[in-house]
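To start, the structure itself, in structure tokens.
All of the numbers you see were taken from the coordinates with simple rules; none came from a lab. Remember, predicted model here, so these are calculated numbers, not experimental data. All Cβ positions, even for glycine, are placed from backbone atoms using ideal geometry, and neighbour counts span all protein chains on display.
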Amino acid sequence: MARRIWTGRQVARTARLAVPPGITLGSLWLVGLQLGDTPWRALPAGLRNVGAPALALALACVAVSFAALGRYDALFHRHLDTGLSPRHARFSGTVAIALSQTLGFGVLTGALVRQRLLPQLGVATALRLSACVAASFLLAWGWITALACLLLPAPAWTLPPALAAVTALPLCATLAAFGPPPPLPRVARWLRAVPSLPAMGSILFWALVDLLAAALVLYLLLPQGTVTLPGFVPVFLLAFGAGLLSGAPGGAGPFELTLLALLPDVPKADLLAAVMGYRALYYALPALLGAVALVRPLPRGTSRRTGAVPCGDTGAELGLLRQNGGHLAMLGGRPAALWPTPQALVVLPGGAAILHRKALMALHREARARNRVPVLYKCSAREAARVRAAGWHVTRIAREALLDPQRFDLDRPGCRSLRRKLRQAAKAGVEVRPAARLPLARMAALDAEWQHRNGGARGGTMGRFCPDYVAGQRVFLALQGAELVGFATFHAGPRDMALDLMRLAARAPDGTMQALVTAAVTEARARGLTRLSLAAVPDIAALKRPLPAWLCRAVLDRAGADGLTRFKSAFAPRWSPRYAAAPGGGVLLLALADIAREVHHPPPLIHGTALHEQDEEYELATARTA
């Protein structure tokens, strides 16, 4: 039985290897039938009428096409974060495609060429890179061909599939970027590995340049007046795709057969003569140059990237970077908090303010190096004014509630409702104390209950419960007797504190949340801190202007804006406006939509989520004790 399975696999493998050459031979045989009595050796004579200017222009188009081809590799080197210089990435990609399109078996031969030129890549990365380039180009070819068939004269039978393809790709890309994550974890991980929308746009642009230049090479070799350029482009793209999908070396056979079928008004001998010239210029010449380039690998070189720096004397909110995948990096000589989302490189509050053009230019470069768009999120009014002056699009999105613990006074008139809530909590026997040791099992159970009641925890710009994460925070516990009825966690820095998690049991007495925050304010005053952030709430007034009333209400209800505003207003805070900024309105909309998806549909936590959650007796000392 095992021998039969092995034999079957060998037969299938042999068949897969034999299919492309078989398609080529069969197609060329059919092409020969179309030629009739015209011998193949007589075809090159048809190129004698091609003038020197047309030949020079065709060679220039070959150069343009292969320059665009190298951009695919540069883009995917950034996507895979190989750290190699863009120049080496473009050169290796150009050589790999020049050889693989001629030799066939594109993914394998392309990977071997890339591994030869860039041995530091490793075999696995070279294969992955080659597969990414091939798959992305195939999708780009499909969409560009469909668009050409809709906009230019094309065979009537192409219209229905073209309309479906033109609609499907943007729809699928939008769903992958902004739709809720699929229930299957493997599919969700695969979707997060898809290039960003800016990267997809670049792929489409360079594929368009590449394919149009390639089409011009063949068009310039055809007899003048036999076919118009608008009528030729869709036919060329269809023929190019037929050769591409066949897997035959250079698409030989299916390419010629498709051209003969779709260009009946062009004399067959002249058409095939032009194809032979096209193959000499677009396949043979680049392959010969690529073979010469393989003689010696490229020197090792890495791209210049901003290096990570220690947190140092920065804002407490940087503690969030321990969970959301962000990091602190130097931009224009100043530390900035960078959080990469699937579409954007987000500058979060907590690092140095982005106030200088040098820092903005560094942010642009870093975002481009990651195939993302740059955005400032929850920046201050001062930062917003500076980047607006630099031409960025700015919009107000939130208000942050700030307290000065040294000046906080419960007896002020604005804290009347807060005093009432604190009396209610005290009357119910609620006791709040800083946690020297964390009762993680009880905290995890309370967090699970809270999520079940409220519909899941948000992420991205706010923390989620994780033992390793909360162990590095300042935690306050609310107890009613021996029962844990609530807890709050704060990021704590040398100068400030910032509210992060707040979890309450359904049976928690009224005023428990207020008691937790008041205890944190008391400790901050004892530490001599002058800033405590109660986090931000959506800016209701700002949202009412650009959004219809029903959409504004839906956004605010989903964010819980009314309840958050009432709760934080009880502490009589100073409200500070917060802004989002990006280099363009469309870029800002893309970034905010991406951030919203990361907040409402965060990826699963990877590290520390199950640490001792089943151990009822386990407790963990916090990193910062009172």
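For the stretch 180-294, the spherically averaged projection of the C-alpha convex hull amounts to 10.4 nm². Placing dummy labels 7 Å off each Cα toward the beta-carbon, the span from L285 to A381 is 6.3 nm.
About its Cα centre, what dipole magnitude does the stretch 402-575 give when the only charges are +1 on Lys and Arg Cβ and -1 on Asp and Glu Cβ, stated in debye to the nearest 20?
Details: 28 positive and 15 negative charges, 87 e Å.
Using Cβ point charges on Lys, Arg, Asp and Glu, the stretch 402-575 gives about 420 debye.
Going from the fewest other Cβ atoms within 10 Å to the most, the residues E366, E449 appear in the order E449, E366. Ordered by the count of other Cβ atoms within 10 Å of each Cβ, fewest first, V485, V394 give V394, V485.
When Rg and Dmax are taken over the Cα atoms of the stretch 258-409, they come to 26.7, 94 Å.
How much length is gained on full extension from V209 to W157, taking 0.36 nm per residue of separation minus their Cα-Cα distance?
Using 0.36 nm per residue and subtracting the Cα-Cα distance, I get 16.1 nm.
With N counted as the residues of the stretch 89-145, its alpha-carbon radius of gyration over 2.2 N^0.38 Å works out to 1.08.
With a Förster radius of 35 Å applied to the beta-carbon distance between A135 and R396, the computed FRET efficiency rounds to 0.25.
Using the beta-carbon distance between L589 and D409 and R0 = 51 Å, what value does 1/(1 + (r/R0)^6) give for FRET efficiency, to the nearest 0.05?
Details: r = 42 Å, r/R0 = 0.83.
Computed FRET efficiency for L589 and D409 comes out at 0.75.
Fewest neighbouring Cβ atoms within 10 Å first, the residues Y579, Y283 line up as Y283, Y579.
Compactness ratio for the stretch 76-173: Cα radius of gyration over 2.2 N^0.38 Å (N = residue count) comes to 1.31. For the pair D510 and A124, a Förster radius of 56 Å applied to the C-beta separation gives a FRET efficiency near 0.45, rounded to the nearest 0.05. Cα centroids of the stretch 186-264 and the stretch 60-77: 14 Å apart.
In nm, what is the difference between 0.36 nm times the number of residues separating H600 and A448 and their Cα-Cα distance? Please list the in-between numbers first.
Numbers: separation 152, 0.36 × 152 = 54.72 nm, distance 1.68 nm.
The H600-A448 span can extend by a further 53.0 nm.
Once C-alpha pairs closer than 8 Å and six or more residues apart are averaged by separation and normalised to the residue number of the stretch 136-243, the relative contact order reads 39 percent.
Straight-line reach from K358: taking Cα to Cα under 23 Å and skipping same-chain neighbours fewer than 8 places apart, the lysines in range are K378. Here the stretch 402-575 is described by how far its Cα atoms reach on the three principal axes: 48, 37, 34 Å, from widest to narrowest.
Counting alpha carbon pairs within less than 8 Å and at least 6 residues apart, what relative contact order, in whole percent, applies to the stretch 402-575?
Values: 237 pairs, mean separation 52.9, N = 174.
Result for the stretch 402-575 is 30 percent.
So for the stretch 432-532, what are the equivalent ellipsoid semi-axes in whole Å, largest first, each being the square root of 5 times an eigenvalue of the Cα gyration tensor? Before the final figure, lay out the partial values.
Numbers: eigenvalues 90, 51, 30 Å².
Working from the Cα gyration tensor, I get semi-axes of 21, 16, 12 Å.
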